[in-house]
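> So that we are looking at the same thing, I have put the structure below in C-alpha cells.
The values are calculated or read from the model by the stated rules, or taken from the named source; none is laboratory data. Please read these numbers as outputs of a predicted model, since none were measured by experiment. Here Cβ is always computed from backbone atoms with ideal geometry, including for glycine, and neighbour counts include all displayed protein chains.
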Amino acid sequence: MRSSRIATLLAVSAVATLVPALAPATASAAANPLDQYLRQTPAWHRCDRAMPANFQCATVKVPLDYSRPDGKKLDLAISRLKTSTRAERRGVLLLNPGGPGGPGLDMPQMMAGELPKSVKNKYDLIGFDPRGIGQSSGVGCGMSDAEQNWERPYKAAMFAKDVKWARSVAEKCDARQGDKLRHITTRNTARDMDVIRAVLGEKKISYLGYSYGTYLGAVYTQMFPGRSDRFVLDSAVDPARIWRGMIQVWAEGSEPAFTRWTEWTAERHSTYKLGKTPEAVRKTFYDLVAQADRKPIDFDGTKLSGDDLRAGLRATFFSVRDAAEAVVELKKAAEGRARSGDREIETPAPLPPSFGRVVPADNGTAGFWSVVCADTRNWPRDPEQYRSDAIRDKARWPLYGDFVSNIMPCAFWKKTGSEPATKVDNKVGALILQNEWDSQTPLASGQGLRRVMKGSKMVTVLGGVGHGIYGSKSCADKTATTYLTTGRLPAKDATCQAAPTARERATPDPLPLPTPPGIPGMVSRF
C-alpha cells in the first residue's frame with residue numbers, strides 16, 4: 001500500500017437432526033429429506049467466454065431453510081478447475097476469499113496462478129458464491145452509495161442521524177428480502193458446502209479459506225467433523241467474537257500497530273521528518289487530524305476531514321513504511337506543498353466476469369449485513385448502548401474506536417437467524433496461518449481460533465504484514481503446501497520470520513482475492 005492508495009482508501013440445532021441427514025447419497029429419500037439435493041448431477045459448462053474452456057461452472061439447488069427442505073430453494077453457483085493428473089488426485093479443495101459478501105466463483109481461476117503445482121496436482125479447485133452472494137441468489141437492499149458507507153464516527157450531534165441510517169438499512173433489507181434474510185447465515189453456507197461435497201461425489205472435502213472464510217471453515221469442521229479433510233484457515237477470525245467483537249477488534253488491534261509505526265518512524269526522522277520521538281510522531285498525525293477537522297485537507301481534489309484520515313489510514317499503519325510515506329504526503333497537502341513527483345499511478349482493477357446473472361449493485365454490502373446480523377443474536381437492540389460504547393471505545397482506542405462501536409444496522413435487523421451462533425470447539429486437524437501485523441484479523445484473533453480448534457496447529461509469521469498469507473510467497477507457504485499434499489501438520493505451533501522488506505510494507509504482490517462491489521476493499525472487511 002503506497003501513498004497513492006490514500007486517494008482510494010480515504011476518497012442445526014434446529015437442523016442438528018439434519019446434520020447426520022447430510023449423509024452419502026446412498027440413503028433413501030424416505031430416510032433423508034435432503035436426498036433430492038445430494039443426488040443432483042451438475043450440468044457443467046464453460047464459465048464465461050472470456051475465461052479458459054477448462055474453467056467450468058454449474059448451478060445446483062439448495063434449500064432456503066434446511067429445516068424445511070421441501071420449501072423454497074436457492075440457486076448455488078459452483079465452479080471447478082480439474083486437476084490434470086488423475087494418478088495424484090486426492091479430491092477437491094474448496095476455496096473461499098472472505099467477506100462476508102465476497103464472491104468466490106472465480107477463485108479457482110484466480111488462485112491457479114498462486115498455488116504450487118504440487119497442490120494443483122492433488123485437487124480439483126472448487127469455487128462457489130456463498131448463498132446470497134453474487135450468482136448464488138444474490139441479495140440486494142436497494143441501498144444508495146451513501147447508505148453503504150458504514151464507517152461513521154460517533155458525534156453527539158450526528159447520532160440521531162446515524163440511528164436513522166441504521167434503521168433505514170435494516171428496513172430496506174427487510175422490505176426487499178423478507179424472510180430470506182434469516183437464512184443467509186454461516187451455518188447454512190456450511191450446509192451448502194456439504195451439498196457441494198455430495199454432488200461432487202466426495203466423502204470428504206479439503207478447504208482453503210481466507211479471513212471470514214476461516215470462520216466458515218471452522219463452522220464446517222464443527223458441524224461435519226467426519227467430512228473435513230485438510231483445512232487451511234488463513235488470517236483467522238475468532239469464533240468467540242462473532243460478530244460485533246470482530247468489528248471492534250479492528251480498533252483494538254490498530255492501537256499497537258499505530259504505536260509500532262510511531263516508534264519505527266521516529267527512528268527514521270532524517271528520512272520522513274515526522275518527529276524524533278514516538279510521542280512527536282503521534283502528535284504530528286493527530287495535529288493533522290485536528291487541522292483537517294477545522295478545515296478539510298485538499299488531497300488530489302478530495303476534501304479529507306480528520307475522521308477521513310483516521311478511518312482511511314487505520315489499516316495503513318500496519319505497514320509502517322506505507323504509513324510514513326502516506327503521512328508525509330498528507331502533511332505536504334495540509335501545508336499547501338506539491339505532492340512527490342514519483343507517486344505510483346493506480347490502475348483500476350478489471351471487472352470480474354459476469355457469469356450470466358445480474359447481481360444487485362449493493363450485493364456486497366447487503367450480503368455482509370445479512371450474515372453478520374443473522375449469524376448471532378448478541379447485537380444490542382438499544383441505540384443508547386451503542387452511544388455509550390462508542391464514547392468508551394473512542395477513549396480506549398482513539399484511532400478507530402468510535403467507528404466500530406457506533407450504531408449498526410444489526411440493531412434493527414428484524415429477521416435474526418433461526419439458530420444461535422455456532423460454538424466452535426473440536427479436535428479436527430487444521431492449519432491456521434497468521435501474520436503478526438494483520439489489519440483485519442489481528443494476531444489475537446488468530447490465537448482465538450487456535451484455542452477452540454484443539455486439533456489444529458498454527459504458524460505465525462513474525463513481522464508479517466498484510467491480510468492473506470498462503471500464495472503470497474510467505475515463509476509459511478512451505479508448511480501449508482506440505483500439509484495439503486501430505487496431510488502432515490507441524491508437530492507443534494510454529495513461527496517463522498517474515499523477510500526484512502515484508503516487515504515494513506504489505507506484500508507488493510497481494511493475493512488476488514475478489515472484492516465485491518459496495519464494500520470498499522479488503523481494508524474494511526474480513
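> Read through the list (1) in a helix (DSSP H, G or I); (2) more than 21 Å from the chain's Cα centre (by Cα), then give the number of the only condition that G142 fails.
Going through (1) in a helix (DSSP H, G or I); (2) more than 21 Å from the chain's Cα centre (by Cα) one by one, G142 breaks only (1).
> Taking H269 as meeting all but one of (1) within 18 Å of V465 (Cα to Cα); (2) surrounded by fewer than 23 Cβ atoms within 10 Å (Cβ to Cβ), write down the number of the exception.
(1)
> Could I ask something else about it? When the range 166-185 is examined, which residues are found to be buried (at least 16 other Cβ atoms within 10 Å of the Cβ) and in contact with a Gly (Cβ under 9 Å, 6 or more places away or on another chain)?
K172, C173, R176, Q177, K180, L181, R182, H183, I184, T185
> Can Q40 be described as modelled with pLDDT of 95 or more and either surrounded by fewer than 14 Cβ atoms within 10 Å (Cβ to Cβ) or under 27 Å from the mean Cα position of the chain (by Cα) (or both)?
no
> Out of A411, A430, report the one residue that is modelled with pLDDT of 95 or more and in the same structural domain as L216 (by TED's automatic domain parsing).
The unique qualifying residue is A430.
> On to the next question. Scan the range 99-112 residue by residue and report those that are more than 30 Å from I242 (Cβ to Cβ) and either among the hydrophobic types (A, V, I, L, M, F, W, C) or out of contact with any Pro (no Cβ under 8 Å at 6 or more places or on another chain) (or both).
A112
> Hey, V523 hits all of (1) of a type in the set (A, V, I, L, M); (2) at pLDDT below 95; (3) in a loop (DSSP other than H, G, I, E, B) but one; which does it fall short on?
V523 satisfies every listed condition except (3).
> Oh, and also: Please go through the range 183-217 and pick out each residue that is within 20 Å of M111 (Cβ to Cβ), out of contact with any helix residue (DSSP H, G or I) (no Cβ under 6 Å at 6 or more places or on another chain), of a type in the set (A, V, I, L, M) and part of a helix (DSSP H, G or I).
Selection gives I196 alone.
> Looking at the structure I just gave you, is T441 modelled with pLDDT under 85, under 23 Å from M111 (Cβ atoms) and of a type in the set (S, T, N, Q)?
no
> Looking at (1) over 20 Å from A251 (Cβ atoms); (2) buried (at least 17 other Cβ atoms within 10 Å of the Cβ); (3) of a type in the set (D, E, K, R), can you tell me which one D307 breaks?
All conditions pass for D307, except number (1).
> Any residue at all in the range 201-208 that is acidic (D, E) and touching a Phe, Trp or Tyr at 6+ places or on another chain (Cβ under 7 Å)?
No, because not a single residue in the range 201-208 is acidic (D, E) and touching a Phe, Trp or Tyr at 6+ places or on another chain (Cβ under 7 Å).
> Just the residues that are closer than 15 Å to V163 by Cβ and not small (G, A, S), please, taken from the range 368-390.
Going residue by residue through the range 368-390, those that are closer than 15 Å to V163 by Cβ are 379-390.
The answer is W379, P380, R381, D382, P383, E384, Q385, Y386, R387, D389.
> Which one is surrounded by the fewest Cβ atoms within 10 Å (Cβ to Cβ) among residues in the range 362-421 that are in a helix (DSSP H, G or I) and among the charged types (D, E, K, R)?
Going through the qualifying residues, I end up with E384.
> Taking the range 74-88 as the search range and keeping residues that are in contact with a strand residue (DSSP E or B) (Cβ under 7 Å, 6 or more places away or on another chain) and not in a strand (DSSP E or B), which one is nearest to V119 (Cα to Cα)?
Looking at the filtered set, the residue picked out is T83.
> Filter the range 195-222 down to residues that are within 21 Å of the chain's Cα centre (by Cα) and not β-branched (V, I, T), then give me how many there are.
14
> Would you be able to say whether some residue in the range 233-250 is on the phi > 0 side of the Ramachandran plot and touching a strand residue (DSSP E or B) at 6+ places or on another chain (Cβ under 8 Å)?
Checked the range 233-250: at least one residue is on the phi > 0 side of the Ramachandran plot and touching a strand residue (DSSP E or B) at 6+ places or on another chain (Cβ under 8 Å).
> Right, another one. V119: farther than 25 Å from F368 by Cα, in a helix (DSSP H, G or I), β-branched (V, I, T) and modelled with pLDDT of 95 or more, yes or no?
In short, yes.
> Okay, next question. Just the residues that are closer than 18 Å to D438 by Cβ and not small (G, A, S), please, taken from the range 203-215.
L208, Y210, Y212, T214, Y215, listed by residue number.
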